Amino acid sequence: MNSHPVQLLEPVFHFLDRMIYEQGDILYMLLVYASIPLIAWILSGGLRRKQSRQMNHPSIIVIWLPVRPPPLPPSIIGDEPERGRWDCEPPEDDCRRFDN
């Protein structure tokens with residue numbers, strides 16, 4: 001006897017192939033009508049687990065360790081230019097001061 005999985009399931013594949021060929025339209029209609037209550041059951045919460053009071057399962061405890069944030073970058077908002085510093089070299093008529 002051959003123990004290869006494909007050859008073991010070959011009679012099942014032939015049976016399903018013959019059923020679909022002969023009764024495919026009826027099987028299709030049955031699956032359509034069976035899917036309507038299945039979808040309603042899923043949408044009403046049928047797939048959610050029922051929490052049984054008899055089950056004693058361990059609680060999961062998560063401990064968050066305090067983490068120090070990284071240091072802040074140096075501030076550039078409070079820095080003012082030195083008094084009397086010009087943004088360009090003379091001639092003075094083309095220059096503007098920063099501290100205005």
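The values are calculated or read from the model by the stated rules, or taken from the named source; none is laboratory data. Here the structure is a predicted model, which is why all the values come from computation and not from measurement. So basically every Cβ, Gly included, is an ideal-geometry build from the backbone, and we count neighbours across all protein chains shown.
Examine region 71-87 for a residue that is modelled with pLDDT under 80, among the hydrophobic types (A, V, I, L, M, F, W, C) and in contact with a Lys or Arg (Cβ under 8 Å, 6 or more places away or on another chain), and state whether such a residue exists. Spell out the reasoning first.
Initial filter on region 71-87 (modelled with pLDDT under 80): 75-87.
Imposing the further condition that a residue be among the hydrophobic types (A, V, I, L, M, F, W, C) reduces the set to 76-77, 86.
Still in the list and also in contact with a Lys or Arg (Cβ under 8 Å, 6 or more places away or on another chain): 86.
Yes, region 71-87 contains at least one residue that is modelled with pLDDT under 80, among the hydrophobic types (A, V, I, L, M, F, W, C) and in contact with a Lys or Arg (Cβ under 8 Å, 6 or more places away or on another chain).
Just to verify a result, which residue in region 5-20, among those that are surrounded by fewer than 10 Cβ atoms within 10 Å (Cβ to Cβ) and among the hydrophobic types (A, V, I, L, M, F, W, C), is farthest from residue 31 (Cα to Cα)?
Within region 5-20, the subset surrounded by fewer than 10 Cβ atoms within 10 Å (Cβ to Cβ) is 5-6, 11-12.
Still in the list and also among the hydrophobic types (A, V, I, L, M, F, W, C): 6, 12.
Details: 6: 27, 12: 20 Å.
For region 5-20, the residue satisfying everything is 6.
Please work out if residue 51 is at pLDDT below 90 and in a helix (DSSP H, G or I). Quick ask: steps written out before the conclusion?
Details: at pLDDT below 90: yes; in a helix (DSSP H, G or I): no.
Against the criterion (at pLDDT below 90 and in a helix (DSSP H, G or I)), residue 51 does not qualify.
Within region 21-40, how many residues turn out to be surrounded by 10 or more Cβ atoms within 10 Å (Cβ to Cβ) and charged (D, E, K, R)?
1
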